[in-house]
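One structure below.
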Amino acid sequence: MKIILGLVLLFLTGVYGVIAQPSENVISSLSISPNKDMIAIGTLKGTLTILDLETLMPLYVLQATGEIITDLSWSTDNTKIATANFSGLIQVWNIISNQKIFEVNLMKNNLVGITEIVWDVEGNYIAIATQNDSAYVLDANDGEIVSRLLTKETYDIDWDITGNLITSGLTGLNIWELNGSLITTLSSPMDFPSNLGFSPDMSKLAIISTSLDSTIYPALITHGLLVFETNTYQLISKFPIVTDYGIYDILWSSNNRYVAIGSQDGVLQIRDTLDGSLVNLLTSPVNMRAFDWIDDITLIYGNYSASI
């Protein structure tokens, strides 16, 4: 079996094509820097590679974890990047000096892992969602635990415009203070929210909310795309999402209109949040975990295919 890795450009109107094959490793996560100059790629072998986004030539290659990098996140000043693997190892790198700032293992001997990692806007803290009983906030300078959020199993986490945290998972959609105190739980019209994402202007929050019919084997999964305005977190709209598989991530385009939704069945859906319409749909032979927006109408995604 030959494994082929590629970065692919996807316009709203269709696939442009494979634009890079940076290594033999398989892409497991990717993220474009806030200034749109670089792209960070994590692989199944634990390698962290930083590419120039215009030329796609490698700028830095770092050996991060030795195992799959499940998520990564840029600091807003574009100088640092945090990586996470499923077993709980967090590493923070200064890409200018090519040096590791710190590493910490949150999960240690636990068998469940990290689902999301994200910097705050000021670059002082890193928030981490886990499938354990907690989410965590780390000091971005030394990795010390600042607070522990008693979230139970959590699928996603992000910072809102006020510096509070919002989490989604089995206990619902919750808003927390930095010190770990629960502020409120938002109501959801479905069983539980699995993924969340703020629009770039922070005016809207998109949620993937999920219902499970456990009487059916395998369970029937029903997803909804929910859009909230963020001043009062009132629900603006709700649209059905067609997939019987779990969702990996939801990301907004830079014009605050479209969302890209990647799922475990290898499908990347582009949805218009104004009416829920399907703008484009990309299918892949593997799960759709690694993707990001370049601009209003263009995405880049990491894809691998197997051929006998």
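Here, each number is a calculation from the coordinates, and none is a lab measurement. In this text, all values refer to a predicted model and were calculated from it rather than measured experimentally. Note that each Cβ is placed from the backbone with ideal geometry, even for glycine, and that neighbours are counted across all protein chains shown.
Couple of notes before you dig in:
- Karplus-derived 3J(HN,Hα), 6.51/-1.76/1.60, for each residue of region 139-154, Hz, glycine and proline x: 5, 6, 8, 9, x, 5, 6, 7, 7, 10, 9, 7, 8, 6, 5, 10
- Bridgeable aspartates and glutamates around Lys36 (alpha carbons under 14 Å apart, same-chain partners fewer than 8 residues away excluded): Asp52, Glu54, Asp77, Asp292, Asp295, Asp296.
- Between the amide H of Lys80 and those of Ser75, Ile95, distances stay under 5 Å, these residues lying 5 or more places away or on another chain, with hydrogens modeled in the peptide plane.
- What the phi angles of region 77-92 give under the Karplus curve with 6.51, -1.76 and 1.60, with θ = phi - 60°, is a coupling list of 8, 6, 9, 10, 9, 10, 10, 9, 10, 5, 7, x, 7, 10, 10, 10 Hz, glycine and proline written as x.
- Close amide H contacts of Asp265 (hydrogens built in the peptide plane, cut-off under 5 Å, sequence separation of 5 or more or a different chain): Met288.
- A crude spin-label estimate for the pair Asp201 and Val61, with each label 7 Å from Cα along the Cβ direction, gives 4.2 nm.
- Phi to ³J(HN,Hα) by Karplus 6.51 cos²θ - 1.76 cosθ + 1.60 over region 259-273, Hz, x for Gly, Pro: 10, 9, 10, x, 10, 5, 8, x, 10, 10, 9, 10, 10, 8, 6
- The local environment of Ala135, defined by Cβ-Cβ distances under 12 Å, has a net charge of -3 under the rule Lys, Arg +1 and Asp, Glu -1.
- Proximal aspartates and glutamates relative to Lys152, as straight alpha-carbon distance under 18 Å, when same-chain residues fewer than 8 apart are discounted: Glu116, Asp133, Glu177, Asp191
- Taking 0.36 nm per residue of separation and subtracting the current Cα-Cα distance, fully stretching the chain between Glu54 and Ser277 would add 77.2 nm.
- Rg/Rh for region 131-196 (Cα atoms only, Rh after Kirkwood) is 0.97.
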